[in-house]
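Please read the structure below before turning to the comments.
The values are calculated or read from the model by the stated rules, or taken from the named source; none is laboratory data. Note that the structure is predicted; figures quoted are calculated from it, not measured. When we count neighbours, we look across all protein chains shown, and the Cβ atoms used for this are built from the backbone with ideal geometry, even at glycine. Note: areas computed on protein heavy atoms with side chains; ligands, DNA, RNA excluded. Shrake-Rupley method; radii C 1.70, N 1.55, O 1.52, S 1.80 Å.
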Amino acid sequence: DRRNLLHQCSRDSFDSVTISGIDVPQSPVAWLSCQGYAYRALVSAAKFYAIRSNRQKADVLYERAKALKQKTKDLFWMLDESCYAIALDGYKEQVPLVSSDNGHVLWSGIVDEPLHSTLVERMFRDDMMTSFGLRTLSSESPFFSPFSYHRGNIWPFDNAISSMALLENGYADRCRKLIQAVWRAVSKFDSPVELFVVLDSELLVQPTTSDELLFQRRRIPENRIQGWSAAGLVYMSTALAHLRSE
C-alpha cells in the first residue's frame with residue numbers, strides 16, 4: 001500500500017538511508033536495530049519457556065537467537081569502521097552508514113562480548129558523540145544531513161537506549177557522560193523535544209561566540225513535547241539511579 005511508510009522502524013522517513021545520496025535502497029531494507037530487537041525477543045522468550053520447564057521450546061529459540069547473532073555479525077559488521085552497518089538493502093548488500101543504531105544492538109545483547117569495547121569506542125568518536133548526545137548518523141558521512149529527520153540530528157529516546165546499553169554492559173562512565181550530555185540539551189529547552197540539531201562551529205558561515213557547538217532545536221511546535229522523548233528521560237533517570245547506588 002503506497003499510503004504506508006516506506007521504512008517500518010523508528011527511522012521512518014523515506015530518506016533516512018541512502019547509498020548514493022539520491023537513492024532509496026532496494027527494498028526490503030533489513031535494519032540493524034531490528035535484528036537486535038528480534039534477538040532480544042528470542043532470548044527473552046527462550047528464558048520464559050525455560051522457566052516454564054519447556055526445555056525443548058527454549059532450546060529452539062536459543063538456537064534461532066544464536067544463528068541470528070552470527071548472521072548479523074557476518075553480514076552487518078564493517079571492518080573499516082569497527083561497527084555495524086545501519087542496514088542491508090534488498091540485495092543483502094550493506095548500506096554502509098555509521099549510526100546510533102549500534103547502541104541499540106549493544107543494548108539487545110546481539111553483539112559478541114569481544115566486540116563491545118571496539119563498538120563503544122566507535123560510538124564515542126567525535127563524529128558521533130557531541131556535547132549534547134549521540135548523533136543518529138556520523139558527521140563524517142557524505143550523506144550527513146542534520147536538518148533532515150534521521151541523518152545526523154539527536155533524539156533523546158535514541159540516546160536513552162544507548163545509555164542503558166552502556167550501563168548494562170559495564171561502561172558506567174560512558175553511560176554517565178551520555179546522560180549528562182542529553183540532559184544538558186533538554187535543560188536548555190525545558191521540554192522533552194522530539195529531536196534537536198548540533199552543528200560543529202566550523203560548519204557555519206556566520207561566526208559563533210561558542211568554541212564548542214552551535215545548538216539549535218528543530219522548530220516544530222507540535223513536537224515540543226514528545227511522548228517517547230519523555231519516556232527516554234525516565235529511562236535515563238533509571239540508569240542514573242543505578243549508577244548512584246553503585
Checklist line | Enumeration of residues in segment 24-53 that are buried (at least 16 other Cβ atoms within 10 Å of the Cβ) and charged (D, E, K, R) | finding: Arg40
Item checked: Residue list for segment 42-89, restricted to those being β-branched (Val, Ile, Thr) and within 17 Å of the chain's Cα centre (by Cα) -> Thr72, Ile86
Margin query: Taking the criterion of being open to solvent by less than 70 Å² (accessible area, probe 1.4 Å) and either in contact (Cβ under 8 Å) with a residue 60 or more places away in the chain or of a type in the set (Lys, Arg) (or both), would at least one residue in segment 54-75 satisfy it?
Written below: yes
Check: Which residues, taken from segment 79-92, are open to solvent by 10 Å² or more (accessible area, probe 1.4 Å) and touching a helix residue (DSSP H, G or I) at 6+ places or on another chain (Cβ under 9 Å)?
Finding: Glu81, Ser82, Lys92
Next item on the list: May I ask you to list pairs of residues, at least six apart or on different chains, whose Cβ atoms are under 6 Å apart, with the first in segment 121-144 being without any contact (Cβ under 8 Å) to a residue 60 or more places away in the chain and the second being in a loop (DSSP other than H, G, I, E, B) and open to solvent by 20 Å² or more (accessible area, probe 1.4 Å)?
Entry: Arg122/Ser82; Asp127/Ser139; Asp127/Glu140; Leu137/Phe144
